[in-house]
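Presented below is the structure to which this report refers.
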Amino acid sequence: MDYRSLILKKMTLWITPWLTTWVSVTMGFIQHAQVKVDHIRSLDEKYSQLMVENAALKDEFEAFKFEEEAKFGALQTKVLAKRLSQETGVRTGRTIASVNYKIPTELSSPQLYTLGLSYFLSQEDEKAAVVLTSLMSLDKAYRTAKNFLMAGVIWYRLDNLAQADQSFDSVLKPPAVRADDQGALERYQAEARLWKALVAKRLQSEDQSQYWLKDLLDHHPHAVETSWINSTGESP
Amino acid sequence: MKIRILWSLATALVLVLGGMDLGEAKESKTPEVAEKQWCGSLEVFEGDVQILDQTRTHFIELKRRAPLPCGSWISSNQGWARLKHNAGPYMNLGAGSYIQLLSERSKSEQVVIYRGQIYVEVNEGDGVFQLGSALGRVKIQRGKVIYISGYGEKASSQLIVLEDSATFENRFEDSKKLRVNEGEMSELAFDLFRIIPQDPLPVSVATLKPKFFDLRVEGKVQSVAFNAAHRKQEKIVAELNSDVHSKVPKRSLASVKGKSADDESVSPAEKARLHQHWVEQMAPGVQGAEGFLFPRFNVKERAEKKKLMEELLRVQAE
C-alpha cells in the first residue's frame with residue numbers, strides 16, 4: 001500500500017461518518033422545510049377558502065335580508081291594498097294622509113287656489129288634492145259647486161272613489177254650496193251626476209251606474225252630458 | 001470512491017429537491033369559463049370591491065375589462081366600480097352597495113340591487129333596461145338615473161332621474177306605473193299608507209351633490225341634472241313665493257302700478273286689462289292662458305265619459 005492510498009483510505013474513513021451526518025441533517029432540514037412549505041400552502045389555501053366562504057356568507061346574508069324585505073313588501077302591499085280597497089274602493093287608492101306634500105306657507109287663499117288649479121291642469125293630482133282640500137276646509141268661500149266638482153275629479157283620478165263620490169254628493173246639495181248662478185250650478189250638477197255614474201261603473205255597481213244616468217236624464221234633459229247618453233239630445 | 005460518494009450525494013439532493021413542492025402558485029383558479037354566459041364587464045374600480053361568480057364559490061379576478069358571468073354578485077364595501085352590462089347600459093356602483101347581474105334575456109330585471117345606490121346610463125338602442133330592488137322596479141328606455149334601495153333605517157326604494165325619464169312601480173303591484181321625468185324623484189315606502197310610489201317631486205340640488213360624489217357621476221351629466229332640478233324648482237310655486245316675498249306688501253297679483261282689479265273705481269276696460277295682466281303673470285308663455293287658468297274639464301275625461309256612454313248604449317241596445 002502506498003502512501004497515497006493510505007491517506008485516501010484514512011480520509012474516506014474520516015469523511016464517511018461526517019458525510020452521512022451531513023446528508024441526514026440536510027435531508028432532515030429539507031423535509032422540515034417541505035413540511036413548512038406545505039403548511040404555509042395549506043394555510044394560504046385555507047385563507048383563500050375562508051375569504052370566499054366569508055364573501056359567500058355575506059352574500060347569503062344580503063340575499064336573506066333581501067328575501068325578507070321582499071316578503072315584507074309583498075305582505076304590506078297585500079294588507080294595505082285590502083285596507084285601501086275598503087276605504088277608497090280601489091287597491092291603489094290614495095288618501096290625503098298618503099300624500100307627502102305640504103302646501104306652501106305664506107300664500108294667500110287666491111294664490112293657493114291658483115296653485116291648486118295649476119296642479120289640476122298639469123295632472124299633478126296629489127298636490128292638487130292637498131291644496132284644494134286644505135283650502136276648502138279652511139275657507140268657506142271656496143266650498144262651491146265648481147270646486148267640489150273639481151275635488152271629485154281629482155279624487156277620481158287618485159283612485160279614491162269613496163272620496164270622489166262624497167265630493168260629487170256635495171255638488172248635488174245646493175243649499176250647502178255656492179255657485180255663481182243657477183245655470184252654472186245646474187251644469188256642475190249634471191257633470192256630478194255623470195261622474196257618479198262613472199264612479200259606480202268603476203265600483204262595478206251597474207245598477208247604481210244606471211240609476212245616476214237616469215237621474216241625469218231626468219234632471220238635465222238638455223245638458224251636453226245627456227246628449228252623450230241619448231245621442232239625439234232629446235229628452236226621453 | 002470519491003466520485004461515487006459525490007454522485008450519490010448529488011442524486012440524493014436532486015431527488016429531495018425534485019420531490020419537494022415549493023407550493024408556488026397552486027392557488028384556486030377561477031372555474032372554467034368557456035361555457036359561461038357573460039352578462040357584462042368590469043370597466044373601472046377603486047378600493048374594496050369583491051365579485052363572486054354565480055355559484056358563490058370563486059372570486060372573479062379584479063382587472064379592467066374583466067368579463068362578468070351572468071349571476072355575478074358584486075359588492076363595493078369601501079370602494080366604487082363602473083360596470084357595463086351586455087345589453088349596453090353603464091352602471092356606477094356606490095360604496096356600501098351590493099348587486100347581482102342578470103342576463104339581458106331575463107324576463108324581469110337585468111340588475112338586482114340588494115342594497116346601496118347605483119347610477120345607470122341607458123342610451124338609445126340599449127332596449128328597455130330593468131332594475132329591481134326588494135320593493136320597487138324601474139324601467140328605463142333611455143335616460144340616466146340614480147336608484148337607491150333600502151337607504152336609512154326603513155326599507156324603501158328611491159328613484160332620481162337625471163336625464164330623460166323612467167318608470168317606477170311596486171314590484172308587487174304593477175297595475176300603476178309612475179313616470180318620473182328629469183329633475184324629479186319618487187319614493188316607494190309603506191309608511192305613507194300607500195302601495196304605489198309617490199308622485200314625482202323636484203329633486204333638490206343639496207340631495208344630489210353627495211350622491212354624485214359617491215357614484216362618480218361625470219361632470220357633464222351633473223350639470224344637466226342640476227339644470228333640470230333648477231327648472232323644476234323654479235316652477236309655479238317659486239313664482240308664487242317670489243310674489244309673496246316681493247318688496248311691495250300685500251300687492252295683489254292682479255295689480256298694475258298699485259291698482260287692483262277689485263278696486264271699484266277702476267273702469268271695466270281697465271279691469272279687463274288688469275285681468276289680462278293677471279292672466280299673463282300667472283301663466284307666462286302659455287298658449288291660451290285664459291283657458292289654462294279657468295279650465296273646462298279636459299278632453300281626456302270627456303273621451304272617457306264618451307266611451308262609457310257608448311258602452312252603456314251598447315248594453316242597453318242588447
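The values are calculated or read from the model by the stated rules, or taken from the named source; none is laboratory data. As the structure is a prediction and not an experimental result, all values here were calculated from the model. Methodologically, a virtual Cβ is constructed for each residue, glycine included, from the backbone with ideal geometry; neighbour enumeration extends over all protein chains shown. Remember, those area values only see protein heavy atoms, side chains included, never the ligands or the DNA or RNA. Shrake-Rupley method; radii C 1.70, N 1.55, O 1.52, S 1.80 Å.
Figures for the structure shown
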read-out: Top-ranked residue of the stretch A:108-126 - restricted to ones that are facing another protein chain (nearest Cβ under 7 Å) and part of a helix (DSSP H, G or I), ranked as surrounded by the fewest Cβ atoms within 10 Å (Cβ to Cβ); value: A:121
read-out: Residue list for the stretch A:209-223, filter: closer than 15 Å to residue B:309 by Cβ and open to solvent by 90 Å² or more (accessible area, probe 1.4 Å); value: A:214
read-out: Options A:26, A:12: the member that is at pLDDT below 90 and within 10 Å of another protein chain (Cβ to nearest Cβ); value: A:12
read-out: Out of A:147, A:160, sole residue that is without any contact (Cβ under 8 Å) to a residue 24 or more places away in the chain and surrounded by 19 or more Cβ atoms within 10 Å (Cβ to Cβ); value: A:147
read-out: All positions within the stretch A:81-102 that are in a loop (DSSP other than H, G, I, E, B) and surrounded by 13 or more Cβ atoms within 10 Å (Cβ to Cβ); value: A:89, A:90, A:91, A:92, A:93, A:94, A:95, A:99, A:100, A:101
read-out: Members of the stretch B:153-190 that are on the phi > 0 side of the Ramachandran plot and open to solvent by 10 Å² or more (accessible area, probe 1.4 Å); value: B:164
read-out: Lone unmet requirement of (1) within 9 Å of chain B (Cβ to nearest Cβ); (2) touching a strand residue (DSSP E or B) at 6+ places or on another chain (Cβ under 8 Å) for residue A:145; value: (1)
read-out: Selection count where residues are more than 9 Å from every other protein chain (Cβ to nearest Cβ) and β-branched (Val, Ile, Thr), scope the stretch A:29-57; value: 1
read-out: Enumeration of residues in the stretch B:36-80 that are open to solvent by 30 Å² or more (accessible area, probe 1.4 Å) and not in a loop (DSSP other than H, G, I, E, B); value: B:38, B:44, B:45, B:46, B:50, B:59, B:67
read-out: Single residue of B:225, B:269 found to be over 30 Å from residue A:77 (Cα atoms) and either part of a loop (DSSP other than H, G, I, E, B) or modelled with pLDDT under 85 (or both); value: B:269
read-out: Selected residue [away from chain A (no Cβ under 11 Å) and aliphatic (A, V, I, L, M)] from B:195, B:160; value: B:160
read-out: Criterion: within 14 Å of chain A (Cβ to nearest Cβ), in contact with a Ser or Thr (Cβ under 9 Å, 6 or more places away or on another chain), charged (D, E, K, R) and farther than 20 Å from residue B:200 by Cβ - qualifying residue of B:171, B:115, B:179, B:137; value: B:115
read-out: From A:173, A:196, A:140, residue being surrounded by 20 or more Cβ atoms within 10 Å (Cβ to Cβ) and more than 11 Å from every other protein chain (Cβ to nearest Cβ); value: A:196
read-out: Filtered residues of the stretch B:84-112 (kept if under 21 Å from residue A:56 (Cα atoms) and part of a strand (DSSP E or B)); value: B:93, B:97, B:98, B:99, B:100, B:101, B:111, B:112
read-out: Any pair with Cβ under 7 angstrom, 6 or more apart, that starts in the stretch B:174-192 at a residue that is more than 18 Å from residue A:101 (Cβ to Cβ) and ends at one that is open to solvent by 30 Å² or more (accessible area, probe 1.4 Å); value: B:182/B:163; B:182/B:164
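Condition check ((1) assigned to a helix (DSSP H, G or I); (2) more than 44 Å from the chain's Cα centre (by Cα); (3) among the acidic types (Asp, Glu)) across all residues:
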{"site": "A:25", "(1), (2), (3)": "yes, yes, no"}
{"site": "A:39", "(1), (2), (3)": "yes, yes, no"}
{"site": "A:60", "(1), (2), (3)": "yes, no, yes"}
{"site": "A:70", "(1), (2), (3)": "yes, no, no"}
{"site": "A:79", "(1), (2), (3)": "yes, no, no"}
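Residue by residue, here is whether (1) in a helix (DSSP H, G or I); (2) farther than 15 Å from residue B:148 by Cβ; (3) within 14 Å of chain A (Cβ to nearest Cβ); (4) at pLDDT 85 or above holds:
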residue	(1), (2), (3), (4)
B:187	no, no, yes, yes
B:199	no, yes, yes, yes
B:210	yes, no, no, yes
B:239	yes, yes, yes, no
B:243	yes, yes, yes, no
